[in-house]
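The values are calculated or read from the model by the stated rules, or taken from the named source; none is laboratory data. No experiment lies behind these values; they were computed from the predicted model shown. Here the Cβ is made from the backbone with ideal geometry for all residues, glycine too, and neighbour counts use every protein chain on show. For accessibility, only protein heavy atoms count, side chains too; no ligands or nucleic acids. Shrake-Rupley method; radii C 1.70, N 1.55, O 1.52, S 1.80 Å.
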Amino acid sequence: MATIILAVSRTTCPVYLFLFLMVVVLLPSPSLSADSDPLQDFCVADLNGKPSLNGFPCKPASEVSSDDFFFSGFTQEGDTNNRFGVNVTGGNVLAFPALNTLGLSMNRVDFAPGGINPPHSHPRATEAGVVIKGKLLVGFVTTANVFYSKVLTEGEMFVIPRGLMHFQINVGDGKALAFTTFNSQLPGAVIFSSTLFATRPTIPNQVLTKAFQVDDDIINTLKSKLS
Ligand SMILES: *[C@@H]1O[C@H](CO)[C@@H](O)[C@H](O)[C@H]1NC(C)=O
């Protein structure tokens with residue numbers, strides 16, 4: 001591009017300058033060739049509503065202070081006394097509004113011994129994470145059903161490509177702690193067990209028995225355990 005600009009600046013002919021500008025305008029540009037990525041699961045249009053944003057409107061700059069750019073939500077250990085033995089503390093735009101439009105967010109993930117962050121995916125982000133304490137088995141599955149996994153200890157990092165199903169399970173003797181980061185201010189999480197067996201309203205057994213090739217009893221058990 002620099003050499004083209006140099007070449008054009010050397011010509012005094014306005015026709016070449018006009019043609020050059022036309023080429024630049026028509027070249028594929030990432031910012032002009034597609035919609036921006038969605039920041040929520042859906043956005044049903046209100047055709048009579050006021051113009052809205054993909055995300056949130058901005059607080060007036062005159063009301064912004066230092067406190068807006070700092071977040072203390074990760075200082076406390078999450079309570080892991082639940083069925084999965086995990087607690088995910090979200091540091092996304094909903095908890096930390098300064099992330100709006102900046103395209104990133106973080107989570108703190110605490111694990112009880114044996115605790116699992118169950119198989120899930122993030123529809124809007126790739127995830128990277130670092131194990132701060134303990135020992136985690138981290139795994140993900142590609143769209144070709146290839147399973148990649150490794151046991152990680154303190155200071156080790158992982159990456160989960162956008163949208164792929166993954167999990168972390170504490171395979172150490174004590175508690176574990178990881179911090180994760182996402183290239184979305186609101187990555188979203190599809191937790192597959194809930195997505196299939198704990199919906200409102202419930203997905204018909206006819207769908208689930210056929211999909212999993214099992215009887216109603218098994219589906220009913222899964223629905224009652226997960227709801
Ligand atoms: C996670 O930990 C917080 C803080 O202790 C607690 O308020 C919240 O209920 C916990 N969430 C789950 C799912 O256990």
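For segment 66-80, filtered to residues that are surrounded by fewer than 12 Cβ atoms within 10 Å (Cβ to Cβ) and among the hydrophobic types (A, V, I, L, M, F, W, C), the residue that is farthest from the ligand (Cβ to nearest atom) is 69. The single residue among 91, 134 that is more than 11 Å from the ligand (Cβ to nearest atom), free of Cβ contacts under 8 Å to residues at least 24 places away in the same chain and open to solvent by less than 40 Å² (accessible area, probe 1.4 Å) turns out to be 91. Scanning segment 81-88 finds one or more residues that are open to solvent by 80 Å² or more (accessible area, probe 1.4 Å) and within 10 Å of the ligand (Cβ to nearest atom).
Inside segment 178-227, residues that are part of a loop (DSSP other than H, G, I, E, B) and either among the β-branched types (Val, Ile, Thr) or surrounded by 13 or more Cβ atoms within 10 Å (Cβ to Cβ) (or both) make up a count of 12. Considering segment 161-176 alone, what residues qualify as being in a loop (DSSP other than H, G, I, E, B) and either under 17 Å from residue 150 (Cα atoms) or not basic (Lys, Arg) (or both)? Result: 161, 163, 164, 171, 172, 173, 174.
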